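Here the structure comes first, spelled out in structure tokens, and everything after it is commentary.
The values are calculated or read from the model by the stated rules, or taken from the named source; none is laboratory data. This is a predicted model, so every value here is computed, not measured. As a convention, Cβ positions derive from the backbone with ideal geometry for all residues, glycine included, and neighbour counts pool all protein chains shown.
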Amino acid sequence: MHGLVNRALQEFVKDTYGADIWGEVRDQAALPFDEFESMLHYDIRLTKLTIDAASAVLHKDAASLLEDVGSWLVSNPAQESIRRLLRFGGTTFLDFLQSLEELPGRARMALPDLDMPEIVLQTDTPGRFKLEIRWALDGMGSVLLGALRGMADDYGALVVLEAEPGREGAEIVVIDLLDAQFAAGRTFELDAQMR
Amino acid sequence: MTSPQHILPDPLVGLSGAALDRLMPLHVWLSPKGQIVRAGPTFRKMVREADIIGGSIFDLMKLKRPRLVSKLPDLMALQGQRLTLMLNTAPHLTLRGMVVALPGDSGAFMNISLGVSFAEAVAEWHLTLRDFSPCDQTVDLLYLREASALTSHESRMLTERLEAARIVAEQQALTDTLTGLANRRAMDTALARTLSNPQARYGLMHMDLDYFKRVNDTLGHAAGDHVLAHVAKVLRSEVRRGDIVARVGGDEFVLLFRDCDDPDLLDRIAQRLIRRLEQPTVFEGKTCRISASIGTTLSSYYTKPTVDQLLSDADQALYASKNRGRARHTFYTPDLAPG
């Protein structure tokens, strides 16, 4: 599993709960190093062990934990870069939703070896979307659910998000777009220096 | 068999201004005199003038390549070619364009893209996602530029952390990288450990190469490195397992002989070392000649010595050898002490 994925998990724990808690997670997962490196690759078992350990140390089920990771990824000021990259997906939340299938391709433009989920977007009825997600590990649906919640705030859209049991290893997120322009949302300048 | 295109005339397409704006936000429609009939919203944003209709295109931009042009017929001669142009609002940014004729000599139609200066152009004119057609990959380029800046930042951080770790490892290293012998830190540690046993018997030799600087200066550093590696090999072959040989400076070596404080034996070893090191070696066809001066001190000279004292006494014996004309071996005696 790409170091960026592991490091996101690590930085989330450190940023939200402190370095001591990360130390506990690391010990419980018996990681053979202090920190994940974002540009290295790790055995997927280490990623799974880290998720399980964090879940145990924080007394949170894996789905809630990963949902928090997803929200943190797009709303934490230190990760502004990720929010920006996602905002390239479109001018409105609807455009953004429809660009999600492109997300793995976009990520691979920058990092050809990044482990990205397979994403399929289906439109159920107008305003209702189903996101079908397949990944090497369970839980990417939860991460995306958290991230979508953060991005909806970013765009100023009012949405209801729900995880639904999927079939054959797929995870499903149901998105009800109630109001695309509910609030002002945050601005997005194409030019990074304008921030 | 004739294709339909050969029978039918080139069909014309009618598009509304709003459709043109969406399809080509950077278009300019020109009259036969080169006046602007209409222009796309992004073009208007970039020329920063509210009222451009009826004005000459040549007041707003300069064509740089294939050649300077200031009249519409000259521009029309470049139909279909790749144009390099600049807008007067930002003459330092080169844009890309193409012009085609409109039917019946009714003017020209030009489309523009940001070219390779896209990032600067977006910053200069404060362009947003809405200023581009979804078919224009400029936004993807911006995305890619930002994403790769991020990943190269991450790579740089990794390299910096690895470099810091390498420096720490080097500081903690116990081996001299050039010769593979122990280094000064390893020798200090070994000596301290030996001294911690008051019953320990040992001999400590300090050796300095003679004429090494001459080899380095006349035959080059590669020859010098070759000599040092050769010396290391000779020293290693003259000690037993458990003895320690360290390179403690450019051409300085320290040998710790454990469980041995026999002056006769150590003198024989020292003399043999000098003899062997004096045998010339050949490096890339060039003959390297060196010798060595050695000073030795023995555990039997002391009751409770310190590491510093031992090293300093061996050093004084070494300098006595140098003073006696080099290529010698001297045992430490208190009367060698300066002053």
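Here are the numbers for this structure:
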item: Subset tally (residues that are outside any strand (DSSP E or B) and of a type in the set (S, T, Y)) for region B:283-333; result: 11
item: Checking B:I244 against (1) within 22 Å of B:T189 (Cα to Cα); (2) buried (at least 22 other Cβ atoms within 10 Å of the Cβ), the condition it does not meet; result: (2)
item: Residues of region B:245-281 that turn out to be part of a helix (DSSP H, G or I) and either in contact (Cβ under 8 Å) with a residue 12 or more places away in the chain or on the phi > 0 side of the Ramachandran plot (or both), as a count; result: 12
item: Given (1) within 12 Å of chain B (Cβ to nearest Cβ); (2) under 21 Å from B:A147 (Cα atoms); (3) not hydrophobic (A, V, I, L, M, F, W, C), index of the condition A:G70 fails; result: (1)
item: Failed criterion for A:E101 (all others in (1) touching a strand residue (DSSP E or B) at 6+ places or on another chain (Cβ under 7 Å); (2) within 30 Å of A:L190 (Cβ to Cβ); (3) within 14 Å of another protein chain (Cβ to nearest Cβ) hold); result: (3)
item: Filter result (touching a residue at least 12 places away in the same chain (Cβ under 8 Å), in a loop (DSSP other than H, G, I, E, B) and within 28 Å of B:A169 (Cβ to Cβ)) within region B:179-215; result: B:T179, B:G180, B:L181, B:N183
item: Selection within region B:120-139 - facing chain A (nearest Cβ under 7 Å) and of a type in the set (S, T, Y); result: B:T128
item: B:G242 being of a type in the set (G, A, S), under 24 Å from B:S312 (Cβ atoms), touching a strand residue (DSSP E or B) at 6+ places or on another chain (Cβ under 9 Å) and modelled with pLDDT under 95; result: no
item: Subset of region A:73-85 that is hydrophobic (A, V, I, L, M, F, W, C) and either more than 15 Å from the chain's Cα centre (by Cα) or more than 10 Å from chain B (Cβ to nearest Cβ) (or both) - its residue that is nearest to A:R149 (Cα to Cα); result: A:V74
item: Leading residue by the ranking (nearest to the other protein chains (Cβ to nearest Cβ)) among those in region B:140-173 that are within 17 Å of the chain's Cα centre (by Cα) and of a type in the set (S, T, N, Q); result: B:S155
item: Scan of region B:88-119 for residues that are in a loop (DSSP other than H, G, I, E, B) and more than 14 Å from chain A (Cβ to nearest Cβ), ordered by number; result: B:N88, B:T89, B:P91, B:H92, B:T94, B:L102, B:S106, B:G107
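Results for (1) within 18 Å of A:L94 (Cα to Cα); (2) away from chain B (no Cβ under 14 Å); (3) at pLDDT 90 or above, shown as yes or no for each residue.
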| position | (1), (2), (3) |
| --- | --- |
| A:L131 | yes, yes, yes |
| A:V143 | no, yes, yes |
| A:G150 | yes, yes, yes |
| A:P165 | no, yes, no |
| A:D179 | yes, yes, no |
| A:R186 | yes, no, no |
